[in-house]
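Following: one structure in structure tokens, then a few remarks.
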Amino acid sequence: MAKSSDDILNTLADKSLFISDSFIDGEWFDKDRKFDVYEPVKGTSISSVVSCDREDIQRAIKSASAAQKGYYKSTTGAQRGVSLRKWYDLVIANVGDLATILCLENGKTYDEAKQEVLYAASFILWFSEEASRTYGDTIPSQTQNRTILTVKQPIGVCGIITPWNFPAAMITRKVGPALAAGCSVVIKPPSETPHSCLALTKLALEAGIPAKCIQVCTTKDRDAATELATNPLVAKISFTGSTNVGKMLAKLATGTLKKVSLELGGNAPFIVFNDADVELAVQGAMDCKFRCTGQTCVCANRLLVQKGVAPAFTTALVAKVKALRMGSGFDKNTTQGPLVNKSSVEKVNEHVKDAVSKGAQIQCGGKQTEGPGYFFEPTVITGVTREMLVATEETFGPLAPIFEFETEEAAVALANDTEFGLAAYLFSNDINRVLRVAAGLDCGMVGVNTGKISSCETPFGGMNESGYGKEGSRYGVDEYQVIKAITIGNTNVNGTRSGDPRTETRTQENLIHERNLDAHLPESLQGRRSSSSVDRPHSHSPGGDGSEMLWSSLVDAEESPPANSSVGNRIVYLVEPFNLAYVVQEASKSKVDPRAGPRASVKMHYPVSKDLEETAHNIPYDAHNSGFRQKERELLEWQGAFTVPEKAIHERLLEIYFEIFHPNYPIFNRNDFLWRQQDQSLPLLLLHAVYFLAATHCDMALISDAGFSSRQEARLTFYKRAKALYDADYESDAVANVQALFLISFWWGGALDQKDTWHWLGAAIGLAQSKGMHRSTKGSDLSAADQKLWKRIWWSIYIRDRHASCSLGRPMRIHDDDCDVEMLEESDFEDDKYDGRAPDITTRELSIYVIQMTKLTVILGNIMKNGFPLKENRDVELTRTSLMGDLAVWESQLPEEMQCHGSGTRTGVRFWSSMLHIAYNNYIILLYRPGYAKSKASQRNNIEDTLLIAANSITRTVDDLLSERTARCAPLHMVSGVFAALSIHVMSIRRSSDAVSRKLADHRAQMCMLGLSEMQEPWPCGGWILRVFVRIMDKVKNRSTANAANAISHIRDDSAANLASLNMEGSTEIQGQTGQAVHTLIDQNPQGNMQGVSNGVGLENQMDPGQFSLDDGSFTLDMLNEPNYFFPGDLGQDFASRIPYFREFSMLGA
């Protein structure tokens, strides 16, 4: 039994996509006046949709007109492309629901409906890329001192009228280029199939396309719909439909001289020559005749078959047509759906009867089916002549009439014997014939040896009474643009006019400034570009040919706009053509009056190294001095800020970032990020910040291929480049700057580095709060996609703030009472689909991980706020009990996917559940450890048991991670958890009275130390902590290095080999799992990481190993005699006054 429409709609994953309202003036619009939409399979109503009247359409046009100019002026082509790409992503994500809606209202099979949705999406993707490519021209003038430019601008408000046979594709094929060009649209979808358009509109709004730039007026009132053709605010009409209606609209549009594109009826000939491949020709006929039950404008309406091959072709075609099965599109066995309505059935029946009455023979089919729905049997007739209706009228149904011909000339004459000229098809293996016939056919499109001619990259359109204009392809955007010519006189491109004192004065002034600047810079900087011998500059474009070039070199000949120009300093980054508005502005403004004296200047300090301090301080900064701006740009170039790795390394670094780091902190929309970097619209500061973190986890082979001698050198280089761009205020995108600052906050350059983790994290938090990210975005004008992204950015910053505050012993910067951002939900990750290389993790599972880590971190904040007050004014025991209850509730509500069952693979669910498990137990230690020394004797045993259980749980998880070789992939804050467990095991060694307990604690401590040895490669702080504990363990157990090495004999076989490689003496090398030396930063030559990046300004020496050398008299060792042994949260508060940098040394940015 066929499902009812209600049953079908209940299968939608997102039921909100089935909409019955119009969308006018930025709001979904309902009214009492409605019309019914029918299901072609049954002929029954499936919905009642709003029927707009003329006043409604006028209101929509007025709203679209008001929005259009702001839309164009406030966005670049690249930005409009980004919104379209997001729309494409949402369509692809919802392809199943869209296909279901289309299949229900149109009747085509579900497979055909799904293919149409993908076809529709392809236009959005295509025009998202074309949005940045609407090039103008520079035309050589025949007159001296004159420059002629052409620019393409949006035409304005566009009226879009679409047909029912492709209710999704015809929307995107028209709306996509209109939005790409900067137009707004008022859509009148077909009354037979309005729901596909409404669903696509909803997704467009979610993608961030301005609400008032898309208006949808559903109606059956044809008179009201003519408002689109007569309203003077509408500049363009794009119509697909019948020729008669198209002619009427064209006449109406002449009243206001609108630009009109018409894609009208067809009468496509399908020519098969004797030398054709019969099997291929038959398949082509099936493709273009019976697709959508014959209801497409490019369907083969007349099958012209040469007599020599006609019998074989007819026999094969009839066999295939008989195999077609009619029925509901949701039935998997169905290959032919119904026609759209009763009148369509009647027209096919009329053509069959007329042909038979005039001598044609029915080979199969030929009649309407009985029962509900609008079905007509797929039909083949032969013996067809020119006198029959089917020869001159478009059938628009499943009828294949076969005409026979003898010569090539006769075939071309018969094919052209029609007033239409949309499409034609021919099958032949003679290339000369193919070229002759294709040239001789009067139509806009020709398919050769194929029945499929439609694609996003192919220009679609016809001639004669099939209309005019092109859709799709590179020409599609042109239909929605006007070309404006700009003639600039007296341009004087060949030099300064003699005798013009104003020009001469201004030139001299600039030269003076430039000479002064050169005088203040070292000789190596004056007019020179250099590239590091270690990190060779490459073209930024990942798709480039690898030639050595810098982005800035592309604009060396151009003068950048002043700071107050509408394009700002991003013109250098985007490598866009010289800004036209700036040219006009500069050409028209008055010249500088030499009598006015020099401009007031401001002081600017570059961050320079000591050898440049005396000569580079207090350089007068003139924003209007092109020479100075060039030097400023060269300084950034000198620091390598415009240099990026070559293509292969660039792509691998991005892969690593999104595979390792992004799942923990999803601050990007992955697909948007990757698309923007391919389009070169990604902020350069953000790109270097991503490189910096990717270098943390990539293998040494990649580091070496990039020209670096060590991982730290790579990290330092990318960090310095990002820092230089940020210090120069190079990027103006505040959200991108927040994202970049957040990533840079994982930098640690040593205890004396003033711009460390804490500095950069504070900058990220401050900028995020200035943007209002700490407040709820509900009801704001942000798009749905941006609202989700802001939430993910804010909660990532929140997590980082809590972890850094805990690890460094510093106050939390973010206060819960000041924020009202809603907790993350799974829906916030829908536009960040996980498409990495590992299939064993899903977007949903990763979203659950981030949500649960966020909720757990909120509890961490409460532990820090309530558990460590500087002034004790509450019942600590009561507070601890309450917080432990919060942790227990969190654990009890943990989804099954995140229950800890071992570590598993790097991207598998078990790995992420292990990360939650370590954090959870770390917070238990953090909660109970501070009060241990102050607790009553009767409570100590319980507290100690709780601490040991948590520490042992962390240690078992670390063992699993080591077994799976995934410890190096753990996020930075996991170092804090291992550190906490290790401190408990040290306590246990010290306090245990029997040898067995000490031995077990020793084994667990060594397991944690081995975990730290693995984590130190991406996170050097792990190595620094490990070095401290090596010395502490020796002190606690009072044993020699040899004894320490032999103390692991009791450990089980699968861990013994790994633990055996741990050098307990604390030598300059800590052995990794594979036995090779893994150098920690503390043991490296302080100058070793400077190689190849010494050109950077303001480079401090790396941490001096001697600064933290430990001896028996150091406080680090003395604290073992204190009753209150240390743990992560204690270090910054308890010990800061006695050992100034110990808190940083202990966790170092964790």
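Return the long-range amide H neighbours of Gly467 (sequence gap of 5 or more, or a different chain), with a cut-off of under 5 Å between placed amide H atoms.
Leu264
Enumerate the calculated ³J(HN,Hα) couplings along the stretch 988-996 in order (Karplus 6.51 cos²θ - 1.76 cosθ + 1.60, θ = phi - 60°), each rounded to whole Hz, writing x wherever the residue is Gly or Pro.
After applying 6.51 cos²θ - 1.76 cosθ + 1.60, I find 5, 4, 5, 9, 5, 9, 10, 5, 4 Hz.
Would you mind checking which residues have amide H under 5 Å from Ser141's amide H? H placed 1.01 Å from N; only 5 or more apart, or other chain.
Here Ile148 satisfy the definition.
After finding the eigenvalues of the alpha carbon gyration tensor for the stretch 268-452, what semi-axes result from the square roots of 5 times each, listed largest first in whole Å?
Values: eigenvalues 138, 57, 46 Å².
Three semi-axes, in Å: 26, 17, 15.
Convert each backbone phi in the stretch 796-804 into a coupling constant with the Karplus relation 6.51 cos²θ - 1.76 cosθ + 1.60 (shift: θ = phi - 60°), then list the ³J(HN,Hα) values in order as whole Hz, x for Gly and Pro.
Here the 3J(HN,Hα) series is 5, 5, 4, 4, 5, 4, 5, 5, 5 Hz.
Dipole magnitude of the stretch 356-450 about its Cα centre, charges +1 at Lys/Arg Cβ and -1 at Asp/Glu Cβ only, in debye to the nearest 20?
On the way: 5 positive and 13 negative charges, 34 e Å.
Approximately 160 debye in magnitude.
Can you find, among Ala740, Ser783, His803, the residue sitting farthest towards the positive end of the charge dipole of the stretch 647-818, where Lys and Arg contribute +1 and Asp and Glu -1 at Cβ?
His803
Could you list Glu479, Glu27, Glu393 in order of exposure, starting from the residue whose Cβ has the fewest other Cβ atoms within 10 Å?
Values: Glu479 21, Glu27 12, Glu393 17.
Sorted ascending by nearby Cβ count, the order is Glu27, Glu393, Glu479.
Can you put Arg711, Arg998 in order of Cβ neighbours within 10 angstrom, beginning with the fewest? Please list the in-between numbers first.
Details: Arg711 22, Arg998 17.
Placing the least packed residue first, the sequence is Arg998, Arg711.
Taking R0 as 60 Å, what FRET efficiency do you get between Thr458 and Ser993 from their Cβ-Cβ distance, rounded to the nearest 0.05? Don't skip to the answer; put the middle values down first.
Numbers: r = 84 Å, r/R0 = 1.40.
For Thr458 and Ser993, the calculated efficiency is 0.10.
Mind listing the long-range amide H neighbours of Cys52? Cut-off is under 5 Å, sequence gap 5 or more, other chains count too, H placed in the peptide plane at 1.01 Å from N.
For Cys52, whose amide H was placed from the backbone, the distant partners under 5 Å are Thr218, Thr219, Lys220.
Taking the number of other C-beta atoms within 10 Å as the exposure measure, put Cys364, Cys288 in order starting with the fewest. Show your work: numbers first, answer last.
Values: Cys364 17, Cys288 24.
Final ranking by Cβ density, sparse to dense: Cys364, Cys288.
Count the lysine pairs in the stretch 689-824 that are 8 or more places apart or on different chains: how many have C-alpha atoms under 12 angstrom apart?
Working: Lys720/Lys755; Lys723/Lys755; Lys778/Lys788; Lys778/Lys791.
The result is 4.
Could you tell me what % of all Cα pairs in the stretch 647-818 have separations over 29 Å?
When every Cα pair of the stretch 647-818 is considered, 18 percent fall beyond 29 Å.
Starting from the Cα of Lys1035, draw a straight line to each of the lysines and keep only those under 23 Å, dropping any in the same chain fewer than 8 residues away.
Candidates past the 8-residue exclusion: Lys999.
Which order, highest average first, do 633-646, 429-442 follow once you tally other Cβ atoms within 10 Å for each residue and take the mean per peptide? Numbers along the way, then the final one.
Numbers: 633-646: 22.2, 429-442: 14.3.
Put in order of decreasing packing, that is 633-646, 429-442.
Residue-wise, which Karplus ³J(HN,Hα) couplings in Hz belong to the stretch 711-725, taking 6.51 cos²θ - 1.76 cosθ + 1.60, θ = phi - 60°, and x for glycine or proline?
5, 5, 5, 5, 4, 5, 4, 5, 4, 5, 5, 4, 4, 4, 5
Where a number appears in this text, it was derived from the coordinates with a stated rule and is not lab data. Here the structure is a predicted model, which is why all the values come from computation and not from measurement. Cβ sites come from the backbone with ideal geometry, for glycine too, and all protein chains shown count toward neighbours.
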